[in-house]
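The values are calculated or read from the model by the stated rules, or taken from the named source; none is laboratory data. Since the structure is predicted, the reported quantities are computational estimates derived from the model, not experimental observations. Every residue, glycine as well, gets a Cβ built from its backbone with ideal geometry; the counts of neighbours run over all protein chains shown.
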Amino acid sequence: MLEEFTNSPSPGERLGAVAILQLFSSERYISFLVKLVGSEKPFVGYHAAKALHFAVGSSDPHNYPKLLQAIRDAQALVASASVGFDTDRQTLLKAAEQELQATIDSLSVSARTYD
């Protein structure tokens, strides 16, 4: 069902896919979420950003570099859309980036400690 919703021309079905990804993160759909952040109406874009933020806490650490880049790409899309400086999408994406970067830094310190 998720595959069908992500490829649907219907904004409502794409929103349904986003709602699913807010509960069950999947690396496979990260680029789908990034695209929606920049291309859909603010409501759908916000929920896509929320799904990216959820992915920060639920992704495998091996996926962190790809996820961090995806969050930064989404931030660039929002910034280029000429929206106000302090939108909810920007705030949410910034929080996701900071949380993920802190987790990466923590894992990096832990890895050096055990070397």
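Tally the residues that are in a helix (DSSP H, G or I), more than 19 Å from residue 72 (Cα to Cα) and hydroxyl-bearing (Ser, Thr, Tyr), restricting the search to region 4-60.
Residues meeting the conditions: 1.
State whether one or more residues within region 33-48 are polar (S, T, N, Q), buried (at least 16 other Cβ atoms within 10 Å of the Cβ) and out of contact with any Lys or Arg (no Cβ under 6 Å at 6 or more places or on another chain).
No - not one qualifying residue is present in region 33-48.
Is it the case that region 80-94 has a residue that's charged (D, E, K, R), surrounded by 19 or more Cβ atoms within 10 Å (Cβ to Cβ) and at pLDDT below 95?
Scanning region 80-94 turns up at least one residue that is charged (D, E, K, R), surrounded by 19 or more Cβ atoms within 10 Å (Cβ to Cβ) and at pLDDT below 95.
Tell me the residue from 18, 34 that is β-branched (Val, Ile, Thr) and within 10 Å of the chain's Cα centre (by Cα), please.
Going through 18, 34 in turn, just one is β-branched (Val, Ile, Thr) and within 10 Å of the chain's Cα centre (by Cα): 34.
Would you confirm whether or not region 32-53 contains a residue that is of a type outside the set (Lys, Arg) and farther than 20 Å from residue 90 by Cα?
Checking region 32-53: not a single residue is of a type outside the set (Lys, Arg) and farther than 20 Å from residue 90 by Cα.
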